[in-house]
Amino acid sequence: MTITVAHIWRHPIKSHGRETLTEVSMNAGQTMPWDRTWAVAHEAAKTDGSEWAVCANFSRGAKSPQLMAIDAALDEATETVTLMHPDKEPLIFRPDQDVQPFLEWSSDLTPSDRAQSSRIVRVANRGMTDTPFPSVSLMNLATNQVVEERLGQKLDIRRWRGNFWLDGMKPWEEFDWIGKTITIGTAELMVREPVTRCLATTANPVTGQRDADTLSALQDGFGHKDFGIYAEVTKSGVIRANDTVTVLS
């Protein structure tokens with residue numbers, strides 16, 4: 001069965017919204033352009049923003065589920081981001097310059113007993129993905145379906161925060177790709193490791209409320225807490241919606 005790209009997503013500000021794309025130009029050794037370009041460091045962060053840092057330094061959906069309900073739109077030319085949340089008026093701002101308006105807009109999305117957002121960081125030449133290597137994430141629609149069946153409820157794919165969603169695969173087939181090279185469109189990627197999941201996935205991306213015990217469903221049903229795979233771009237190229245995926249080796 002032919003495997004194809006069903007959806008492409010990027011997340012301009014880590015854990016603060018997502019937007020869908022129809023195509024993207026990937027560069028070898030780099031994260032998806034404009035994906036996690038910015039990250040929101042909290043007041044207890046131990047990073048100065050000069051280099052990649054682990055996710056514990058940042059405001060994120062695992063600690064603040066309301067962040068999961070944010071949608072985003074990026075104007076690349078002006079580096080302006082629009083953030084939208086069902087309980088708020090949209091915010092249009094430039095993350096490199098307009099930090100205070102963002103902090104005010106997002107302040108009540110973080111529980112008062114959690115470290116509060118304090119600044120926005122941007123690392124040169126890479127997005128702040130959850131891996132120390134510059135990764136993109138691949139998700140399998142069929143795997144989402146079997147997790148839905150385990151839970152007995154529908155799961156909006158946005159709760160998994162993946163970059164590329166693939167159709168035409170068997171459930172969990174993506175884990176067989178680890179260590180292998182694949183092509184998508186004209187790009188080539190090396191699949192590195194599974195994506196281990198956190199509490200962010202328990203929150204509904206429409207409401208920002210925790211409504212699905214995804215972690216127990218994974219652990220009790222399948223013996224792990226992994227969903228999706230991380231890959232590294234090894235050959236530059238363009239990936240478009242409906243492009244074919246081929247496993248090379």
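The values are calculated or read from the model by the stated rules, or taken from the named source; none is laboratory data. Since we're looking at a predicted model, the values are computed, not measured. Virtual Cβ from ideal backbone geometry, glycine too; neighbours counted across all protein chains shown. These area figures cover heavy atoms from the full protein model, side chains too; ligands, DNA and RNA do not enter into them. Shrake-Rupley method; radii C 1.70, N 1.55, O 1.52, S 1.80 Å.
Overview of results
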item: The stretch 150-249, accessible surface, carbon-and-sulfur percent (1.4 angstrom probe); result: 47
item: Shape category assigned to the stretch 19-79 from the gyration tensor of Cα positions, a/c cut at 1.5; result: oblate
item: Amide H within-cut-off set for Val238, under 5 Å, with H built and near neighbours excluded; result: Met26, Thr186, Ala187
item: Gain on full stretching of the segment that runs from Arg119 to Thr4 - 0.36 nm per residue minus C-alpha separation; result: 37.5 nm
item: Two-decimal Rg/Rh across the stretch 1-155, once Rg and the Kirkwood Rh are taken from alpha-carbon atoms; result: 0.97
item: Spin-label pair Thr196/Asn27, simplified geometry with 7 Å Cα→Cβ offset, distance in nm; result: 3.1
item: Cα gyration tensor category, rounded, prolate or oblate, for the stretch 111-249 with a/c compared to 1.5; result: oblate
item: At R0 = 22 Å, FRET efficiency that the Cβ-Cβ distance of Ala44 and Met84 yields, to 0.05; result: 0.20
item: Centroid-to-centroid separation of the stretch 86-137 and the stretch 12-50 [C-alpha atoms, Å]; result: 9
item: Karplus 3J(HN,Hα) series, Hz, for the stretch 240-246 with 6.51 cos²θ - 1.76 cosθ + 1.60 (x for Gly, Pro); result: 10, 4, 6, 4, 8, 10, 10
item: Per residue value of the accessible surface for the chain (all protein chains in place, 1.4 Å probe), Å²; result: 44
item: Rounded if a/c under 1.5, otherwise prolate or oblate - the stretch 30-120, Cα gyration tensor axes; result: oblate
item: Simple Cβ-charge dipole of the stretch 139-221, Lys/Arg +1 and Asp/Glu -1, about Cα centre, in debye nearest 20; result: 220
item: Using θ = phi - 60° and Karplus 6.51 cos²θ - 1.76 cosθ + 1.60, couplings along the stretch 11-19 (whole Hz; Gly, Pro as x); result: 10, x, 10, 3, 6, 10, x, 8, 9
item: Fully extended contour minus Cα-Cα distance, from Leu215 to Val146, at 0.36 nm per residue; result: 23.5 nm
item: Under the Karplus curve 6.51 cos²θ - 1.76 cosθ + 1.60, θ = phi - 60°, whole-Hz ³J(HN,Hα) for the stretch 34-48, x wherever Gly or Pro sits; result: 6, 9, 6, 4, 10, 9, 9, 7, 8, 5, 9, 5, 10, 10, 9
